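Enquirer: If you scroll down you'll find the structure; I have some questions about it.
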Amino acid sequence: MLNIQNATPAQEISLMDWWLQKREGFNAIKRKGLDSTFMLVSWRIWKERNDRVFKRTTEKNPAELAQVISEEAHLWCVAGAKFLSTLGWPASASSLGQC
C-alpha cells in the first residue's frame, strides 16, 4: 500500500528502533514522508484507543481503522503535508483525490 517492504517490526525490536532503522533506507524526501506517516498512524491509533476507553465507542476492526487512517492522510495532504505522497498516500486516491 505505501511502498514499504517488511513494514512489520520484529517482536524483539521497539517501535522507535524499527522506525529509526526504516528511516535509514530512505532518501531525505522519503524520510520526511515516513516521519509524517509514523506520526499519522501513531496518532490515529492513539485516538482510537482514547475513543474506546473514554467515549466507549464501538471498536473499529483493522480494515476500518486503515480506512480512517487513509482518509486522515488525505486531509493531511490537503492541509499541506506534501511529503506523505512520496510513500503513496493517499492509499485510496481514486475516491479521495490526489495529495
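The values are calculated or read from the model by the stated rules, or taken from the named source; none is laboratory data. Since the structure is predicted, the reported quantities are computational estimates derived from the model, not experimental observations. For neighbour counting, all protein chains shown are included, and Cβ atoms are generated from backbone atoms with ideal geometry for every residue, glycine included.
Enquirer: Just to be sure before I move on: is Val68 in contact (Cβ under 8 Å) with a residue 12 or more places away in the chain and surrounded by fewer than 16 Cβ atoms within 10 Å (Cβ to Cβ) in the structure I sent?
Expert: In short, yes.
Enquirer: Additional query: Restricting to the range 65-78, name every residue that is among the small types (Gly, Ala, Ser) and either at pLDDT below 90 or in contact with a Pro (Cβ under 8 Å, 6 or more places away or on another chain) (or both).
Expert: Within the range 65-78, Ser70, Ala73 meet the criteria.
Enquirer: Filter the range 1-27 down to residues that are part of a loop (DSSP other than H, G, I, E, B), more than 16 Å from Ser70 (Cα to Cα) and aliphatic (A, V, I, L, M) and give me whichever is modelled with the lowest pLDDT.
Expert: Ala7
Enquirer: Of Lys47, Lys30, which residue is part of a helix (DSSP H, G or I) and surrounded by 15 or more Cβ atoms within 10 Å (Cβ to Cβ)?
Expert: Lys30
Enquirer: Regarding Asp35, is this residue modelled with pLDDT of 90 or more and in a helix (DSSP H, G or I)?
Expert: yes
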